[in-house]
């Protein structure tokens, strides 16, 4: 039983503020102007808005119960905190083999080649009360709730 | 015309040091004011396209945008103002009728702002709404001329059969906002908020969408001159039926929904072809006299077995009092008066800004006339047309209204920024649009929450004001003009309003 | 309850984690030939290149055995299993009794009988020790010949390249990575290799290894007659399941140890998983050895759960690979190169200048295989389509597009997949 982020595509305005604030949340300064204008390399957003015509929604790691990425990870960089909790990624152990990208059925993992080659994905803003994308969605198109899964 | 003489109405400014090129403004502006140039990594703006809806300003995560009136001015001229000059340019360039949305924005006097309320001091104790019960419940419908009761073994029984009534938690209800003029999400928000709060909303000329039938017991279904969406189930679905003769924003002409806003769903609900302009005829072509009106009122009552009140809505015009008297005698259970500041999704600007009278004067004169004729109890008066706050509501009731319709306030509660371009169908806030790209921007859950919050807030404020006046029931305020005083009004205005000047 | 696991790599660790999911207290004894705590086999090429340190070779944290209550017996080789008495016999004679046994011994490199293969300077490349040895030697090496242009050979090459060694790859097929790529895809990577100074000799193999003074390798002679100078030869043709352990047991084997969908072998209480096992292939519906890490882990986990009393169904694995050659990423899965395209619908996109190649193989409106070169983002979405046998006809024409995603799925499918949690 854990809280996850779910998207409500009927009310997604396609504004991508979720992506913007995800970058800020993973920046050094946590200041939106500095994160975008002064920090290099800019951190990657871990959530991605898919859009076609009037349809759009944000998609990020589902923090699966039986994560294929943990199975495929050859260094143990992908791991879960305890028995329940988000699936986290240890950048120090990652060697950028892209096995996780190969198996994630949601395509939720991206290649981060800004400094060294590592995988990049949502960490549910581990340690924070609420993920940044949920907190900043202006239309409540992202909710953070426990659906008993 | 290739070259326009019209300078942009608004100036869009970007504080470059704060811009992070996130392009939210680019994506969110339906008028394409902002564009991103990848080569220079800069966002540019074309102020000429800006309508002043403030979507980009609100969504910009770094508050980098400012939108203000273009400071460029014509040479000062009290008669030939910038607005008047630009309107002539527009017509010279297009040959068209100037269209606009929302309500009259000209500086006619706002009588609400010239009336003040009383408060109890010393002679009559004020009542504390948090500590004592306060009755705001309002019934709309025909009231009996007298009550017959029978007493049997000490128990009192009401013998008089009461006409059907609408029961409202507070004397405020949502005005006619047609589905088509507003989006489905907006309609749903209004319907569900009214339903949950305990008041009513009005379908306007758009008919009732199938998915909203479940809120039927809190819906007033409107029968307008175009008869859009009017069929048997529709009439049965509502709690009351309203015959719309006219509306405050455009007295004398019918409703107008541009073809761009007639989507598949709107077409089904209104029973007209997709993409066709929905132009309501100016009159109901079966109502050419007061007798015809009586005939329609009773036809509707027959069709619904006399179980629902029938309301008749007119725009407030010069002889509203006489018309209202005729309507009551024709069998209307509710008279809805819509003043010159009433809103609309689309109307010719000249009509919106120049036709009709302020609702304050209309309420007073209609209430006065009905009382004089001894028929005031035969119909409830609901007033509409630019009610902006709970104070306006309280004053309206003191003047004689039974309840108040809010339209613009409801839209603003949902996010409307009064940029008045509703007729384009490109409402950036997802309210006055059928465009699927834009409609989803109005989250019906959030909008419902906001509407209910507004009603709750006004409910509390009304109680505070009543308590301050030493009143604990809205019924005691109704038509009680002694609680009002006028400030800065002429003698004739005071006379028409039926109030004393402050100080007397 | 005593669980005994033979092996210490992905399948074995999967086994531990599978058992512990349902049984926190049962005793687990893990035995492995190599003396190291569990390390990541695929990382040996990175180690050879100097890209990871010893500490980073670990597949699980150093506290793993303690945290999961496992007794590791490392550096101990199991030589035989007595399935009747339920004993595992070690090389020092010690007998370890088991209630449930998991055989996760992996694969051993296949060394063909080439004349001269006993010379000094001929090695395989499958263990950490192999990588350590090569790394020590690397400075002194000038020219290396790698036999086999498959995954192991290519990874060995990448590992050595950073040491400035001149490398020649000898591959029997007409292309490198022949089992996981088609000619077009391999061609893009081969061009990059050549640009990087690696020599590629295709369509032949080594006939003879020639040694000189002190029995050290000096050159190899190919079947096509060519002679190549070499200080070192790496045999990297492939691995075979390590079946020596079960040879004298009634455990049924084919190419690997045969297992059912719960990873049970033909003998009660004996399970097998990983490179040593022959389990269901999702696409062919037949059993097959699929020696890749994600499969090994999942099989191990399934075995572990079944050993602890919770049977789940292993529906089957698919072949899949992710490799980067010369900086160009390549991901492929399933039936990515059918020998005949009859009955298949194959879609291709090629942009040589950008180094992008994408190929989709469809059968009966189901995606059965794909190859992605260069543009590999979100490859897993395709893997998911294969695994779940989703009808791709509504969006067939979008599969090749770089921005293909969940937006292309029919709304019902998308809502279902995003509002429920995977597996």
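Summary table below
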| read-out | value |
| --- | --- |
| Efficiency of FRET between residue A:130 and residue B:169 - r from beta-carbon atoms, R0 35 angstrom, step 0.05 | 0.55 |
| Cα gyration tensor shape for chain C, rounded if a/c is under 1.5, else prolate or oblate | oblate |
| Crossing angle, helix B:82-94 versus chain B [Cα axis fit, 0-90 degrees, rounded to tens] | 70 |
| Amide N of the range B:211-246 lying under 18 Å from the label point, which is placed 7 angstrom from the Cα of residue B:302 along Cα→Cβ | B:231-233, B:235-236, B:241, B:243 |
| Fully extended contour minus Cα-Cα distance, from residue B:318 to residue B:139, at 0.36 nm per residue | 61.6 nm |
| Of all DSSP beta bridges in chain B, antiparallel share, percent nearest 5 | 45 |
| Relative contact order (%) - criterion: Cα under 8 Å, at least six apart; region: the range B:415-470 | 19 |
| Footprinting exposure proxy for B:10, C:370 (fewest neighbouring C-beta atoms within 10 Å first) | B:10, C:370 |
| Cα long-axis angle, helix B:290-303 against chain B (0 to 90 degrees, to the nearest 10) | 80 |
| Using alpha-carbon coordinates, inclination of helix B:320-329 to the longest axis of chain B, degrees | 50 |
| Stretch gain in nm, segment residue B:72-residue B:149, where the contour uses 0.36 nm per residue and the Cα spacing is subtracted | 20.5 nm |
| Cα→Cβ-extended label distance, 7 Å offset, between residue C:342 and residue C:68, nm | 4.8 |
| The range C:16-87 versus the range B:366-425: alpha-carbon centroid distance in Å | 78 |
| Backbone N within the range A:126-149 under 11 Å of label point (7 Å from residue A:3 Cα along the Cβ vector) | A:127-132, A:134-135, A:143-146 |
| Among beta bridges that DSSP assigns inside the range C:1-140, antiparallel share in %, nearest 5 | 35 |
| Calculated FRET efficiency for the pair residue B:106/residue B:156, C-beta based, R₀ 51 Å, to 0.05 | 0.40 |
| Between the range B:216-266 and the range C:274-345, the Cα center-to-center distance that results, in Å | 62 |
| Residues B:60, B:422, sorted so that the one with the fewest Cβ neighbours within 10 Å comes first | B:60, B:422 |
| Whole-Å distance, taken between Cα centres, linking the range B:2-42 and the range C:142-214 | 55 |
| Spacing of the two label points (7 Å from each Cα toward its C-beta) at residue C:1 and residue C:389, in nm | 3.1 |
| DSSP bridge pairs, the protein assembly as shown: antiparallel proportion in percent, nearest 5 | 55 |
| Calculated FRET value between residue B:295 and residue B:274, using beta carbons and R₀ = 25 Å, to 0.05 | 0.15 |
| Rounded to whole Å, sorted largest first: equivalent-ellipsoid semi-axes of the range C:122-237, Cα gyration tensor | 22, 17, 12 |
| Cα gyration tensor category, rounded, prolate or oblate, for the range C:327-419 with a/c compared to 1.5 | oblate |
| In nm, spacing of pseudo-spin labels at residue C:115 and residue C:85 (7 Å Cα→C-beta vector) | 4.8 |
| Neighbour-count ranking [beta-carbon atoms within 10 angstrom, fewest first] of C:128, B:112, B:80 | B:80, C:128, B:112 |
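Bear in mind that the values in this text are calculations on the coordinates, not laboratory data. Only a predicted model underlies this, so the values are computations on that prediction, with no experimental measurement involved. Reconstructed Cβ throughout: ideal geometry from the backbone, glycine too, with neighbour counts over all protein chains shown.
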